[in-house]
Amino acid sequence: MRHILIIVSIFLFSFTIISCKSSKSTTTTTDNSTSTSSVVFVGVGNSGTIITSPDGTSWTKRTSGTIYNLNGVTYGNGLFVTVNSFGTTLTSPDGNSWTKRTSGTYNSLYDVTYGNNKFVTVGKSGTILTSSDGTTWTSRTSGTNVGLNGVTYGNGLFVTVGWGTILTSSDGTTWTERTSGTSEYLRGVTFGNGLFVTVSLGGTILTSSDGTSWDNRTSGTYNNFYGVTYGNGLFVTVGDSGTFLTSSDGITWTERTSGTSETLKGVTYSQ
């Protein structure tokens, strides 16, 4: 298998990892050293932690300039963007040197994505912000006070999820609430193979081909799910007590052995 599956196992320390293809020469040993490796992976976490890696194996800690928890990270238009628990955004062209940006809110930001030539970040009390350059951010009206935990882009559509809440937007500016059919705490959302998949506490999995109509799928567990991703023709979700499920179509799920009883908070996939 030529892909790398990365599962992040956390108890009190959480990470989000994003990968990209970059041709830039970057620092990969220490903050002040120089090498010819390219940053492909950037991980962010508690207390302003940022780590980078050229291969997913060797990691280097970077200086973020913040002490607040970093909750999400994405890559688009030649720029890494991460968001934190005090409404701050950070940007970097190479994953090594980071610049603090003003978002215009003090609300916690929980996730960020890139699509349709813009960055979209979501967070506490229905906060949604958009930016074309990752520097200047504009607040958008979400129509909800529910905390929004995850956001993704696919098939020309942004989808964000929260406590029993699903919102969609074609442009990141105007948002429409959809009927989720659940009151569960939706924690993550992804898009792959023409399908949106969101997961939640209590073992709930919902799928949608258009972001509008959602179907409840049988996961076979009541364990909490915290993260979901798609890659190499496979959806993967992870959660409590080492819970690890896979699905080729997002509809039928199979529980796998993760080899750990620790809570798994995130999962991503990269070539």
TODO: Measure out, as a whole number of angstrom, how far apart the alpha-carbon centroids of the stretch 214-235 and the stretch 75-110 sit.
DONE: 28 Å
- [ ] Tell me which residues come under 5 Å, amide H to amide H, from residue 69 once H is placed; ignore anything under 5 positions away on its chain.
- [x] 47, 48, 85
TODO: Given a cut-off of 23 Å, name the pairs among 100/265; 118/265; 61/265 whose C-alpha atoms lie farther apart than that in the structure shown.
DONE: 100/265; 118/265
Open item on the list: Let me test this: with uniform point scatterers at the alpha carbons of the chain, what is the Debye-based log₁₀ I(q)/I(0) at q = 0.15 1/Å?
Closed with: -1.09
Task: Gaussian network model of the chain, springs between alpha carbon atoms under 10 Å - residue of 141, 82, 207 with greatest fluctuation - done: 141
- [ ] May I ask you to evaluate 6.51 cos²θ - 1.76 cosθ + 1.60, the Karplus curve with θ = phi - 60°, for each residue of the stretch 218-227 and list the ³J(HN,Hα) values in order in whole Hz, giving x for glycine and proline?
- [x] 8, 8, x, 8, 9, 5, 6, 9, 10, x
- [ ] Search the structure for amide H atoms under 5 Å from the amide H of residue 96, placed 1.01 Å from N in the peptide plane, and list their residues when 5 or more places away or on another chain.
- [x] none
Open item on the list: Once you keep just the Cα pairs under 8 angstrom separated by 6 or more residues, what percentage relative contact order results for the stretch 4-270?
Closed with: 12 percent
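For every other residue with a beta carbon closer than 15 angstrom to the beta carbon of residue 145, add +1 if it is Lys or Arg and -1 if Asp or Glu, then tell me the sum. All intermediate terms of the calculation are to be shown ahead of the outcome.
Working: positive: 124, 140; negative: 177.
The answer is +1.
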Open item on the list: Through the Karplus equation 6.51 cos²θ - 1.76 cosθ + 1.60, θ set to phi - 60°, convert the phi angles of the stretch 228-233 into ³J(HN,Hα) values in whole Hz; use x for Gly and Pro.
Closed with: 8, 8, 9, x, 6, x
Task: Net +/- balance of residues flanking residue 161 in space, Cβ distance below 13 Å, scoring K and R +1, D and E -1 - done: -1
Task: Built amide H within the under 5 Å cut-off of residue 147, gap 5+ - done: 125, 126, 163
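Readers should treat all values here as calculations from the given coordinates under stated rules, not as data from a laboratory. Computed from a predicted structure; not experimentally measured. Heads up, the Cβs are rebuilt from the backbone with ideal geometry, glycines too, and the neighbour counts pull from every protein chain shown.
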